[in-house]
1. Sort through THR71, THR15 and tell me the only one that's among the β-branched types (Val, Ile, Thr), part of a loop (DSSP other than H, G, I, E, B) and either open to solvent by 40 Å² or more (accessible area, probe 1.4 Å) or touching a Ser or Thr at 6+ places or on another chain (Cβ under 9 Å) (or both).
2. Those residues that are assigned to a strand (DSSP E or B), within 15 Å of VAL38 (Cβ to Cβ) and of a type in the set (A, V, I, L, M, F, W, C), I need them from segment 125-162; list them, please.
3. Yes or no: segment 1-11 includes at least one residue that is part of a loop (DSSP other than H, G, I, E, B), more than 25 Å from ASP125 (Cα to Cα), touching a residue at least 60 places away in the same chain (Cβ under 8 Å) and open to solvent by 50 Å² or more (accessible area, probe 1.4 Å).
4. At pLDDT 95 or above, closer than 27 Å to ASN178 by Cβ and part of a loop (DSSP other than H, G, I, E, B): which single residue out of PRO106, PRO113 fits that description?
5. Could you list, in sequence order, the residues of segment 24-68 that are buried (at least 22 other Cβ atoms within 10 Å of the Cβ), of a type in the set (Val, Ile, Thr) and under 13 Å from ALA115 (Cβ atoms)?
6. Restricting attention to segment 86-100, does a residue exist that is closer than 21 Å to ASP175 by Cα, small (Gly, Ala, Ser), open to solvent by less than 60 Å² (accessible area, probe 1.4 Å) and assigned to a loop (DSSP other than H, G, I, E, B)?
7. Does GLU79 count as open to solvent by less than 70 Å² (accessible area, probe 1.4 Å) and at pLDDT below 95?
8. Look through PRO131, PRO106 and report the one residue that is within 22 Å of GLY91 (Cβ to Cβ), surrounded by 13 or more Cβ atoms within 10 Å (Cβ to Cβ) and in contact with a Lys or Arg (Cβ under 8 Å, 6 or more places away or on another chain).
Amino acid sequence: MLEQLRQRLPDYRRTELPLALPEAAVLMPLVDVPEPRVILTVRSNSMPTHAGEVAFPGGKRDPGDKNLLMTALRESQEEVGLSPDYVDVLGQLSPLASRYGMKVTPFVGIVRPEAQLQAEPGEIDTIFQVPLQFFLDEVPELSSPIDVFGRQFRIPSYYYEDKRIWGLTAFMILDLINHVYDAGIEFEVKA
């Protein structure tokens with residue numbers, strides 16, 4: 001599965017998001033094991049935004065970050081203790097606008113299995129892993145269409161154990177599996 005990811009991700013065509021919004025970045029970390037797993041977090045209930053929600057590690061771009069990849073790697077180290085030395089970044093997906101007015105850029109990375117993860121308790125309640133195959137086998141629940149900056153989308157939701165993976169996190173997963181694994185799950189409502 002990861003070999004297919006390495007082969008097909010370079011062909012990904014990003015679409016730009018022509019909105020002047022504050023920037024953020026996340027890392028979409030996949031553990032390099034025979035049955036690859038996606039690393040996700042449950043954000044602390046004390047967080048001002050996305051409290052208690054499932055998310056990829058990441059956050060707002062700091063003025064000292066020379067680029068958004070640096071933001072994603074710095075935030076991943078701060079939130080889950082993932083050293084950049086254990087991550088092979090394969091590429092970048094299209095940025096998305098969050099409901100809090102942030103332009104969020106995801107980066108896909110392969111994580112060596114020996115990487116040690118440690119939740120930063122002020123930001124992260126739980127770190128968990130989901131088999132990548134789960135997202136290929138399960139069809140997400142799709143909401144009624146909503147308007148997002150002039151385009152119509154159905155918000156996807158996956159349910160894994162007791163966790164709901166939805167919103168931007170699910171959009172990013174769908175973008176990846178639609179491109180790399182031909183999942184064919186449409187979430188944008190075409191006019």
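1. After applying the criteria, what remains is THR15.
2. Those that are assigned to a strand (DSSP E or B), within 15 Å of VAL38 (Cβ to Cβ) and of a type in the set (A, V, I, L, M, F, W, C): ILE127, PHE128, VAL130.
3. yes
4. Details: PRO106 fails: part of a loop (DSSP other than H, G, I, E, B).
Step by step, each of PRO106, PRO113 is checked, and only PRO113 is at pLDDT 95 or above, closer than 27 Å to ASN178 by Cβ and part of a loop (DSSP other than H, G, I, E, B).
5. Correct list: ILE39 only.
6. yes
7. So GLU79 fails the test.
8. Details: PRO106 fails: in contact with a Lys or Arg (Cβ under 8 Å, 6 or more places away or on another chain).
From the options PRO131, PRO106, the qualifying one is PRO131.
The values are calculated or read from the model by the stated rules, or taken from the named source; none is laboratory data. The structure presented is a predicted model; accordingly, all values stated were derived computationally and were not measured. Cβ atoms come from the backbone with ideal geometry, glycine included; neighbour counts cover every protein chain shown. Ligands, DNA and RNA are stripped out before the accessible areas are found, and what is left, the full protein with its side chains, is counted by its heavy atoms. Shrake-Rupley method; radii C 1.70, N 1.55, O 1.52, S 1.80 Å.
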